[in-house]
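Structure first, then comments.
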Amino acid sequence: MKSAVIRFPGSNCERDSYTVLEKQGMNPEYVWHGDGALPEDIDLVVVPGGFSYGDYLRVGAMAAHSPIMGDVKRFAERGGHVLGICNGFQILCEAKMLPGTLRQNNHLKFNCETRPVKVETNATAFTEDYVSGDVLQLPIAHHEGCYYADADTLADLQANGQILFRYSDVEGDSSRHDSNPNGSAAHIAGIINAQGNVLGLMPHPERASEALLGSADGLGVFTSLKARLV
């Protein structure tokens, strides 16, 4: 299989994503945001974390209009898998590839810590190597990580099984106020599109991909994709 990691001005997690993909034999290559098309025979696109365009105007808003994003959209419409991490999640929402938006954390401060994150379902290409209900230890690093959508959209996400990850306590309880690090609606940490091939999440699975980093809990996202796409 082959994968692509998009690079924007201000990306700072593309090397982390590239390294995980490379170690999993997913043959990654970097793609510059100004390119008009993805390489041929790509199976997976990763939109990495960082501060694309310095987070000016609105996080992800400028990157969503980069030339490469037109082909990323077409790739997803053909059924290709897309993974957006942190700023990548923000970009996917701004590009209307995922519903809702990410806004400032409710405490108006930057979050940089490791948090418990519950796997809501393993019935997706991104979570097959987990067990539903698993509680992962994943790092977060964001100022605009508060997921927001209107009540109807939230109801649809829940009804359609599109909420893949929720912030929780170490026991998997997502009802506690203090288990929500940024005020996200319904404690949402990650969602997929209705077709099930586009995932956006605020926590960084690529930063928790081996024990040396303090946790390997995020590796399952990449091994799940590899098993599905190879």
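The values are calculated or read from the model by the stated rules, or taken from the named source; none is laboratory data. Everything numeric in this text was worked out from a predicted model, so none of it was measured. In this analysis, Cβ positions are derived from the backbone assuming ideal geometry, glycine residues included, and neighbour counts consider all displayed protein chains.
Brief remarks follow.
- Residues that are of a type in the set (A, V, I, L, M) and assigned to a loop (DSSP other than H, G, I, E, B) are absent from the stretch 177-192.
- Scanning the stretch 1-20 for residues that are closer than 21 Å to Gly79 by Cα and out of contact with any helix residue (DSSP H, G or I) (no Cβ under 7 Å at 6 or more places or on another chain) gives Lys2, Ala4.
- So Asp55, is it in contact with a Lys or Arg (Cβ under 8 Å, 6 or more places away or on another chain) and either closer than 17 Å to Asn12 by Cα or not hydrophobic (A, V, I, L, M, F, W, C) (or both): no
- Number of positions in the stretch 139-176 that are within 20 Å of Cys112 (Cβ to Cβ) and assigned to a loop (DSSP other than H, G, I, E, B): 6
- Residue within the stretch 194-202 that is in contact (Cβ under 8 Å) with a residue 60 or more places away in the chain, surrounded by fewer than 24 Cβ atoms within 10 Å (Cβ to Cβ), at negative phi and not small (Gly, Ala, Ser) present: yes
- Residue list for the stretch 70-104, restricted to those being of a type in the set (S, T, N, Q) and crowded, with 20+ Cβ neighbours inside 10 Å: Asn87, Gln90
- Filter pass, Gly36 being over 21 Å from Ile140 (Cα atoms), surrounded by fewer than 20 Cβ atoms within 10 Å (Cβ to Cβ), at pLDDT 95 or above and not hydroxyl-bearing (Ser, Thr, Tyr): no
- Residue in the stretch 62-80 that is modelled with pLDDT of 95 or more, touching a strand residue (DSSP E or B) at 6+ places or on another chain (Cβ under 8 Å) and within 16 Å of His204 (Cβ to Cβ) present: no
- The residue of the stretch 105-115 that is surrounded by the most Cβ atoms within 10 Å (Cβ to Cβ), among those that are in contact with a strand residue (DSSP E or B) (Cβ under 8 Å, 6 or more places away or on another chain) and part of a loop (DSSP other than H, G, I, E, B), is Asn105.
- The requirement of being over 23 Å from Leu98 (Cα atoms) and among the basic types (Lys, Arg) is fulfilled nowhere in the stretch 162-175; no residue meets it.
- Gly49, sole failed condition from (1) more than 26 Å from Thr19 (Cα to Cα); (2) under 17 Å from the mean Cα position of the chain (by Cα): (1)
- Flag if Phe126 is among the hydrophobic types (A, V, I, L, M, F, W, C), in a loop (DSSP other than H, G, I, E, B) and crowded, with 18+ Cβ neighbours inside 10 Å: yes
- Residue in the stretch 164-177 that is surrounded by 18 or more Cβ atoms within 10 Å (Cβ to Cβ), more than 25 Å from Gly214 (Cα to Cα) and either modelled with pLDDT under 95 or under 17 Å from the mean Cα position of the chain (by Cα) (or both) present: no
- Of all residues in the stretch 203-226, those satisfying the criterion of being part of a helix (DSSP H, G or I) and touching a residue at least 12 places away in the same chain (Cβ under 8 Å) are Pro205, Glu206, Arg207, Ala208, Leu219, Gly220, Val221, Phe222, Thr223, Ser224, Leu225, Lys226.
- Of all the listed residues (Ala141, Ala186), the sole one being touching a Lys or Arg at 6+ places or on another chain (Cβ under 9 Å) and closer than 27 Å to Gly54 by Cα is Ala141.
- Residue check for Lys118: farther than 26 Å from Lys73 by Cβ, touching a residue at least 12 places away in the same chain (Cβ under 8 Å), of a type outside the set (Asp, Glu) and not in a strand (DSSP E or B): no
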